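Each remark here refers to the structure printed beneath this line.
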Amino acid sequence: MSGVTTVRDFPDRSWAEDGPTRGAEALIEAGEVLRFPYLAFALIESELRFRDPRWADGKAKNISLRWPGGDMRGAAGDSRDLAALKAMITRYAEQSEAFALRLFPHYRGHLRRGNTSFRPLDVAGREASWRKDDTRLHVDAFPSNPMHGTRLLRVFCNVNPAGRPREWRVGEPFEAHAKRYLPAIKRALPGSAWLLEHAGITKRRRTEYDHLMLQLHDRAKADAAFQKTSPQARVDFAPGTTWVVFSDQVLHAAMGGQHMMEQTFYLDAAHQQRPESSPRGTLERLLGRELR
Ligand code: SIN
Ligand code: FE
């Protein structure tokens with residue numbers, strides 16, 4: 001096995017049932033990036049104008065739909081424009097959901113739709129503290145949103161009109177990454193999870209699993225030597241390319257690009273084909289005990 005995340009290409013040209021790829025659970029659960037260079041998200045004529053940062057409200061870093069309601073956040077415009085923008089993002093949600101269920105039939109009935117986002121802002125222009133800086137390699141973990149081991153499955157599609165790729169770096173496999181930092185990570189202070197939850201800083205209790213994942217996220221981003229010298233590869237996702245990852249497992253960084261669609265799905269690790277291959281399973285194996 002090589003020291004860097006595998007990016008595997010597939011020939012699909014359709015989001016729907018008629019595409020060729022299905023039963024790819026083992027690959028995604030092994031931490032691969034599944035790339036579909038011929039799977040474009042088609043915009044209709046009247047949607048082409050949305051690929052412009054002016055539709056973002058200037059506060060949020062992207063325009064997103066929240067489910068189940070489908071209310072839109074982060075967009076600015078009059079009500080007719082906003083309805084058309086919402087229809088475009090909704091179509092992405094539906095197509096990527098049908099696609100994910102075809103790729104991963106084992107997850108059927110268990111994949112929950114999270115936010116759908118449209119990202120018309122340039123990666124390069126994003127101001128960010130080191131912790132929010134996604135140009136640094138990281139696994140996804142969020143201070144306010146403890147996942148309790150629920151997986152983050154993401155379907156991205158580059159919709160750039162000017163030929164610009166989404167430029168990523170991918171890093172070492174999750175197990176190597178966990179081994180790198182696990183010995184240095186201390187337990188959270190007693191009572192801190194309770195305090196964070198009751199102060200409203202976290203949406204729910206930050207468990208030991210969440211503490212470890214956030215520590216991995218933070219330590220990687222704060223470690224300049226790791227960012228520079230760890231095993232890694234540049235990956236370009238050209239316009240018209242879709243890619244699918246477990247972003248809580250794959251070390252990734254967004255180095256450049258503009259105009260992208262993204263759909264998040266949640267999956268309880270218990271419903272994976274091999275739950276033991278999840279970040280939680282890997283951490284428990286390395287620690288030799290169960291995580292709460
Ligand atoms: C990220 O998930 O870290 C950023 C992905 C992107 O904007 O391409
Ligand atoms: Fe990320």
Mind listing the phi-derived Karplus ³J(HN,Hα) values for region 165-177, rounded to whole Hz, using 6.51, -1.76 and 1.60 with θ = phi - 60°, and x for any glycine or proline?
x, 7, 9, 10, 10, 10, x, 5, x, 4, 4, 4, 5
Would you grab the residues whose amide H sits under 5 Å from the one on THR207? Only those 5+ places off in sequence or on another chain, please, with H modelled 1.01 Å from N.
HIS148
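As a footprinting exposure proxy, order ILE89, ILE201 by other Cβ within 10 Å, with the fewest listed first. Intermediate results must be reported in sequence, preceding the final value.
Details: ILE89 23, ILE201 11.
Final ranking by Cβ density, sparse to dense: ILE201, ILE89.
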Using θ = phi - 60° and Karplus 6.51 cos²θ - 1.76 cosθ + 1.60, couplings along region 101-110 (whole Hz; Gly, Pro as x):
6, 6, 5, 10, x, 5, 8, 4, x, 10
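Report Rg(Cα)/(2.2 N^0.38 Å) for region 11-287, keeping two decimals. Kindly include the intermediate steps, with their values, before the conclusion.
On the way: Rg = 18.6 Å, N = 277, 2.2 N^0.38 = 18.6 Å.
Against the empirical 2.2 N^0.38 Å value, I get 1.00 for region 11-287.
Please rank LEU137, LEU121, fewest neighbouring Cβ atoms within 10 Å first, as an exposure proxy.
Numbers: LEU137 23, LEU121 20.
Ordered by Cβ neighbours within 10 Å, fewest first: LEU121, LEU137.
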The extension gain from TYR38 to ALA233, computed as 0.36 nm times the residue separation minus the Cα-Cα distance, is 68.0 nm
Karplus 3J(HN,Hα) series, Hz, for region 252-259 with 6.51 cos²θ - 1.76 cosθ + 1.60 (x for Gly, Pro)
9, 8, 9, 9, x, x, 7, 6
Within region 73-95, find all residues whose amide N lies under 19 Å from a label point positioned 7 Å from the Cα of LYS59 along Cα-to-beta-carbon.
73-79, 82-83, 86
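At 0.36 nm per residue, minus the direct Cα-Cα distance, what do THR90 and ILE185 gain on full extension? Give it in nm, one decimal, please.
30.1 nm
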Within a Cβ distance under 15 Å of MET255, other residues only, what is the Lys/Arg minus Asp/Glu net charge?
+4
Using amide H atoms built 1.01 Å from N in the peptide plane, name the residues 5+ places from GLY114, or on other chains, whose amide H lies under 5 Å from its own.
THR264, PHE265, TYR266
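Using the number of other C-beta atoms within 10 angstrom as an exposure proxy, rank PHE142, PHE237 with the fewest first.
On the way: PHE142 15, PHE237 24.
The order, fewest Cβ neighbours first, is PHE142, PHE237.
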Convex hull per residue volume in Å³, alpha carbons only, for region 155-259:
127 Å³
Folded to 0 to 90 degrees: helix 208-222 orientation relative to the chain principal axis, Cα
70 degrees
How compact is region 1-150 by the rule of thumb for globular proteins, expressed as Cα Rg over 2.2 N^0.38 Å?
1.17
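Throughout, read-outs are computed from the coordinates displayed, never taken from laboratory work. For clarity, every value in this text was computed on a predicted model and none was experimentally measured. We place every Cβ from the backbone using ideal geometry, glycine too, and count neighbours over all the protein chains shown.
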